[in-house]
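Following: one structure in structure tokens, then a few remarks.
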Amino acid sequence: MIEYIPIFPTSGDTTLAMIRKFGLVVGALVLAIAPLFAQTLPSLPDTGKTPGVALEVVPTNSAACLTNLLGDTVRSGDPVTLPMICTPGYTKCIRAVTASVKKSVYTSYGLEGNHTGYCDSTQGCEVDHLISLEIGGSNAQKNLWPQPYQGETMNAHVKDQLESWLHNEVCAGRMPLKQAQDEISSNWITSYNNHLGSK
């Protein structure tokens, strides 16, 4: 049975007893509402918002750039191939995330923009490609999330190391492209720990 403890003094209360009771009530209230204000720094994206999407075909605005890069005609709608992905300069031709898309990404994660909420730090966040462009990721919003640069061990700088490693493995023929895409989209931290050692 829960005993009712009056907040306000009764005739038998001493000043010290009143202070103790008030302190208990305030402490309970602080513990109850603290989770409402705490924002943890996410190491992984919300899979409902960012499941990860691979780029299957060449976007219209990338065709001319890829044609110049590869020296062969590349048309919009052509399949994205491993030789394309492994050609230096590929990501410059593909990268195209507009300011409005970035804003939508932040909004979907409950943020007003960079340097707000859990991105409120000196370095802030990057709008990260979950499946990185280096291994055939898409610019679609379902492949994007606000990833912190600092304030945690497994941050954007660490994920960048994994992205480079996976790109090198895929392009050297030591790992299938689909495996690299699946690993980084399902849990990039597990992939990092498996291949590069835990931090």
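The values are calculated or read from the model by the stated rules, or taken from the named source; none is laboratory data. Keep in mind that what you see is a predicted model, and the values were worked out from it rather than measured. Cβ: placed from backbone, ideal geometry, glycine included. Neighbour counts: every protein chain shown.
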For the subset of region 144-161 comprising residues that are touching a helix residue (DSSP H, G or I) at 6+ places or on another chain (Cβ under 8 Å) and among the aliphatic types (A, V, I, L, M), which member is surrounded by the fewest Cβ atoms within 10 Å (Cβ to Cβ)? V158
Pick from region 118-143 the residues that are within 14 Å of the chain's Cα centre (by Cα), modelled with pLDDT of 95 or more and part of a helix (DSSP H, G or I): which of them is surrounded by the most Cβ atoms within 10 Å (Cβ to Cβ)? N143
Residues of region 144-164 satisfying the condition of being touching a residue at least 60 places away in the same chain (Cβ under 8 Å) and outside any loop (DSSP other than H, G, I, E, B): L144, W145, Q147, P148
Condition set under 23 Å from the mean Cα position of the chain (by Cα) and touching a residue at least 40 places away in the same chain (Cβ under 8 Å), scope region 84-101, selection surrounded by the most Cβ atoms within 10 Å (Cβ to Cβ): answer is I94
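Conditions (1) touching a Lys or Arg at 6+ places or on another chain (Cβ under 7 Å); (2) within 24 Å of K178 (Cβ to Cβ), marked per residue:
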residue	(1), (2)
P59	no, yes
N68	no, no
G71	no, no
R95	no, yes
A99	no, no
T107	no, no
N114	no, no
C119	no, no
V127	yes, no
Out of all the residues in region 162-191, which are under 15 Å from the mean Cα position of the chain (by Cα) and either farther than 21 Å from V53 by Cβ or of a type in the set (F, W, Y) (or both)? W188
Sort out which residues of region 182-195 are surrounded by 13 or more Cβ atoms within 10 Å (Cβ to Cβ) and either over 15 Å from P45 (Cα atoms) or in contact with a Cys (Cβ under 7 Å, 6 or more places away or on another chain) (or both), and write them in order of number. Y192, N193, H195
Considering each residue of region 60-83, count those that are within 26 Å of the chain's Cα centre (by Cα) and either buried (at least 17 other Cβ atoms within 10 Å of the Cβ) or acidic (D, E) (or both), and give that number. 2
Of the residues that make up region 43-61, is at least one outside the structural domain of V170 (by TED's automatic domain parsing), at pLDDT below 95 and of a type outside the set (A, V, I, L, M, F, W, C)? yes
